[in-house]
Amino acid sequence: MKPAIILSKTLPDDLRQRLDAHFNVTDIDGLTPENLDKYAHAFQQAEGLLKSGGQVDATLLAAAPRLRAVSTISAGYDNVDVEALTQREIVLMHTPTVLTETVADIMMALVLASARRVVELAEFVRANGWDGSISPELFAIDVHHKKMGILGMGRIGMALAQRAHFGFSMDILYHARKPHSEVDSRYKARYTDLETLLRESDFVCISLPLTEQTYHLIGRDQLAMMKKSAILINAGRGPVVDESALIEALKQGAIYAAGLDVFEEEPLPMNSALLSLPNVVALPHVGSATHETRYGMARDAVDNLIAALSGKVEKNCVNPQVLKS
Ligand SMILES: NC(=O)C1=CN([C@@H]2O[C@H](COP(=O)(O)OP(=O)(O)OC[C@H]3O[C@@H](n4cnc5c(N)ncnc54)[C@H](OP(=O)(O)O)[C@@H]3O)[C@@H](O)[C@H]2O)C=CC1
Ligand SMILES: O=CC(=O)O
């Protein structure tokens, strides 16, 4: 008999067929508390879960006593209680790598859009404001040859460094838990402490995961360390930045602008002060949202679940210690 799994995300037809060939699939429209009740029997039986958003927590685990593998269609897994999964010897699989270049592209797009005021100036043209030569109040700031500070020098941070160093002749500073010698040599990058990075960078770019250690890592004190001309880019997770402190810093001109793909609350509420600030470029968490990459993520997530439930995991495992036990 095929193992039972829960699928909480619509997949492209070919991937869905691949999943059906391996598993008895129950579709649910999201990992909501209501669906935990509505599909209680399916959760009781499920050995696998293939999901995108939604929390995987103690409540879900209690509802799914036979669960052996969770496969998330994302690189980040801050919405999964990894410790609880590991204690239950449930494998957690994710989809890094396939999205790295695409997320680095959106970070570079945010750098350019914020510095060159792309969104604001495009709106100005649409609003029929372009009636002569542009006055200096609408001038922007350069990106090339500036200093980029990358916070989180993992897969995405490195792909961003590649673009910034080779494409825009930028100096690279970075902060992570440890230095990376290959980054230092390839991008002529310099590892610094957080404070040095904040004080020296023209662009502070966040590609960090959300963890207990990174929650509100950038707050009022850190924003105050940044140059008045500096721009903050965040494509890691919203809560890495204290959003109230960021709004204050932007309003007071303590920093020049922000380019944000992630927020403390998503979707970003329409009454967020961020939306009334002209020096903010806000995107709807689309770092990986291209046709090619979203397909690749779904494909990898399906392959990951098949590998995990057949005991053939070779990559993309968050808690490999479970495999060894
Ligand atoms: N906006 C979007 O659509 C997307 C957002 N993301 C987000 O980007 C994050 C990063 O992805 P990826 O680059 O693949 O992840 P990696 O695991 O490859 O890199 C994470 C980096 O963060 C550093 N780091 C972790 N904790 C700390 C800390 N406490 N202090 C300083 N540095 C720390 C790591 O340090 P070290 O190198 O020393 O280990 C590493 O350099 C994801 O977790 C996700 O939240 C991912 C995909 C899409
Ligand atoms: O935010 C997206 C992810 O893949 O993580």
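Which residue is farthest from V25 (Cα to Cα), if the candidates are limited to segment 293-325 and must be within 14 Å of ligand 1 (Cβ to nearest atom) and open to solvent by 80 Å² or more (accessible area, probe 1.4 Å)?
Filtering first and then ranking leaves K315.
Do you know which residues across segment 163-174 are farther than 17 Å from S207 by Cβ and either in a loop (DSSP other than H, G, I, E, B) or basic (K, R) (or both)? Reasoning before the result, please.
First, the residues of segment 163-174 that are farther than 17 Å from S207 by Cβ: 166, 169, 171.
Matches in segment 163-174: S169 only.
Taking only segment 33-63 into account, find how many residues are closer than 22 Å to M297 by Cβ and open to solvent by 50 Å² or more (accessible area, probe 1.4 Å).
Within segment 33-63, residues that are closer than 22 Å to M297 by Cβ and open to solvent by 50 Å² or more (accessible area, probe 1.4 Å) number 1.
So L223 fits all but one of (1) buried (at least 21 other Cβ atoms within 10 Å of the Cβ); (2) among the aliphatic types (A, V, I, L, M); (3) touching a Phe, Trp or Tyr at 6+ places or on another chain (Cβ under 8 Å); what number is the exception?
Looking at each condition in turn, L223 falls short on (3).
Could you identify the single residue in L274, L268, L246 that is in contact (Cβ under 8 Å) with a residue 24 or more places away in the chain, of a type outside the set (S, T, Y) and surrounded by fewer than 23 Cβ atoms within 10 Å (Cβ to Cβ)? Outline the logic, then answer.
Working: L268 fails: in contact (Cβ under 8 Å) with a residue 24 or more places away in the chain; L246 fails: surrounded by fewer than 23 Cβ atoms within 10 Å (Cβ to Cβ).
On inspection, the qualifying residue turns out to be L274.
Can you tell me which residue in segment 141-162 is nearest to V240 (Cα to Cα), limited to those that are part of a loop (DSSP other than H, G, I, E, B) and open to solvent by 40 Å² or more (accessible area, probe 1.4 Å)?
Out of the qualifying residues, it is K146.
The values are calculated or read from the model by the stated rules, or taken from the named source; none is laboratory data. Just so it is clear, the structure is predicted and the values come from calculations on it, not from any experiment. Heads up, the Cβs are rebuilt from the backbone with ideal geometry, glycines too, and the neighbour counts pull from every protein chain shown. Protein only, heavy atoms only, side chains kept; ligands, DNA and RNA dropped before computing areas. Shrake-Rupley method; radii C 1.70, N 1.55, O 1.52, S 1.80 Å.
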